[in-house]
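Please read the structure below before turning to the comments.
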Amino acid sequence: MSQHPVPEPLVLTQGDITRVAADAIVNAANTSLLGGGGVDGAIHRAAGPGLLAECRTLHGCPTGEARITGGYHLPARHVIHTVGPVWQGGHKGERETLARCYRSVFELVERHGLRSVAFPSISTGAYRFPLSEAAPIALRELRAALVRLPRLEQVTVVLFSAEDLDVYRQALAAAGAPS
Ligand code: AR6
């Protein structure tokens with residue numbers, strides 16, 4: 001048995017992303033980057049006030065883009081903040097904007113040479129993006145990044161509920177085995 005087993009590249013799990021020790025965790029933020037509810041609130045609470053102080057220096061983030069900060073008191077080394085689209089019925093480019101969020105995160109992952117990153121389900125809480133529509137978009141972008149970025153070893157999606165995890169598992173099964 002190897003002492004250094006190769007990590008499973010794409011992992012779906014249920015839990016609290018603030019407990020995940022990855023090179024980066026992703027925050028589903030808003031354009032102010034100054035905190036909010038949901039996973040954003042949980043990340044700021046767990047990271048402590050240093051995170052908000054650094055976020056203030058960034059002067060916000062447009063929808064679909066991403067910004068990187070330190071992880072402060074989190075077990076993760078960095079937080080990558082991205083701003084997902086608010087679901088408005090699906091005719092305002094929401095699917096494309098959600099895909100752009102994932103790609104923007106991976107641009108930072110590549111630029112900073114990060115090997116592991118954990119995502120929440122962006123836009124599917126307060127921003128009301130239907131989970132069954134968001135999951136295949138997320139999984140397509142995560143798998144594309146794993147193929148494209150040779151240094152990236154592990155991508156984890158941390159779903160907050162067992163029901164959300166089921167939806168992602170079904171979407172992964174529907175997409176077929178990883179290439
Ligand atoms: N770990 C993992 N996932 C979580 C956690 C957690 N600790 N807490 C919540 N979730 P949301 P959005 C899940 O609303 O839809 C904020 O106020 C949650 O169950 O956090 O992108 C921001 O400031 C859901 O599945 O993000 C923005 O204003 C997913 O995370 C706005 O909400 C995303 O839900 C962003 O809305």
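The values are calculated or read from the model by the stated rules, or taken from the named source; none is laboratory data. None of these values were measured; they are calculated from a predicted model. Here the Cβ positions follow ideal geometry from the backbone for every residue, glycine too, while neighbour counts run over all protein chains shown. Areas reflect the complete protein model, heavy atoms only, side chains present, ligands, DNA and RNA absent. Shrake-Rupley method; radii C 1.70, N 1.55, O 1.52, S 1.80 Å.
Within the P(r) computed for the chain, what percentage of the Cα pairs occupies the region above 31 Å? Value for the chain (Cα pairs over 31 Å): 9 percent.
Using the beta-carbon distance between THR31 and VAL6 and R0 = 45 Å, what value does 1/(1 + (r/R0)^6) give for FRET efficiency, to the nearest 0.05? Efficiency computed from Cβ-Cβ geometry: 0.70.
With runs of 4+ DSSP H residues as the only contributors, calculate the mean residue ellipticity of the chain at 222 nm using -39,500 (n - 2.57) per run, divided by the residue total and rounded to the nearest 500. Walk me through the intermediate numbers first.
Numbers: 5 runs with 68 residues, N = 179.
That comes out to -12000 deg cm²/dmol.
Extending 7 Å from the Cα toward the beta-carbon at both GLU96 and ARG45 defines two label points whose distance is 3.8 nm.
Give me the percent relative contact order of segment 8-70, please, defined on Cα pairs under 8 angstrom at least 6 residues apart. Value for segment 8-70: 30 percent.
How much area per residue is accessible in segment 1-126 when the probe is 1.4 Å and only protein heavy atoms are counted (Å²)? Display every interim value, and only then the final one.
Numbers: 6120 Å² over 126 residues.
That works out to 49 Å² for each residue.
For segment 56-179, which whole-number percentage of the solvent-accessible area (1.4 Å probe, protein heavy atoms only) is attributable to carbon and sulfur atoms?
Details: 3230 of 6190 Å².
Result for segment 56-179: 52 percent of the exposed heavy-atom area is carbon or sulfur.
Extending 7 Å from the Cα toward the beta-carbon at both ARG77 and ALA144 defines two label points whose distance is 2.6 nm. Of the residues LEU152, LEU58, LEU12, the one that moves most in a GNM of the chain with alpha-carbon contacts below 10 Å is LEU58. Between VAL158, VAL117, VAL167, the GNM of the chain built on Cα springs shorter than 10 angstrom shows VAL167 fluctuating the most. Look at where the Cα atoms of segment 45-95 and of segment 99-159 average out, and the two centres are 13 Å apart.
What is the local net charge at GLN170, summed over the other residues whose Cβ is closer than 12 Å to its Cβ (Lys, Arg +1; Asp, Glu -1)? If you can, show how the numbers build up before the last one.
Numbers: positive: ARG169; negative: GLU163, ASP164, ASP166.
Spelling it out: positives minus negatives among the neighbours equals -2.
The simple Förster model, with R0 at 22 Å and r as the Cβ-Cβ distance, assigns HIS112 and GLU163 a FRET efficiency of 0.10.
The mean sequence separation of alpha-carbon pairs under 8 Å and at least six residues apart, normalised by the residue count of the chain, gives a relative contact order of 29 percent. Name the shape class, rounded, prolate or oblate, that the alpha-carbon gyration tensor gives for segment 61-161, where a ≥ b ≥ c are the square roots of its eigenvalues, rounded holds for a/c under 1.5, and otherwise prolate holds if a/b is larger than b/c and oblate otherwise. Note, shape of segment 61-161 comes out prolate.
How large is the charge dipole for segment 1-155, taken about the Cα centre, if only the Cβ atoms of Lys, Arg (+1) and Asp, Glu (-1) carry charge, to the nearest 20 debye?
Details: 16 positive and 13 negative charges, 23 e Å.
Once rounded to the nearest 20, the dipole reads 120 debye.
Beta bridges from DSSP with both residues in segment 1-158: antiparallel share about 25 percent, rounded to the nearest 5.
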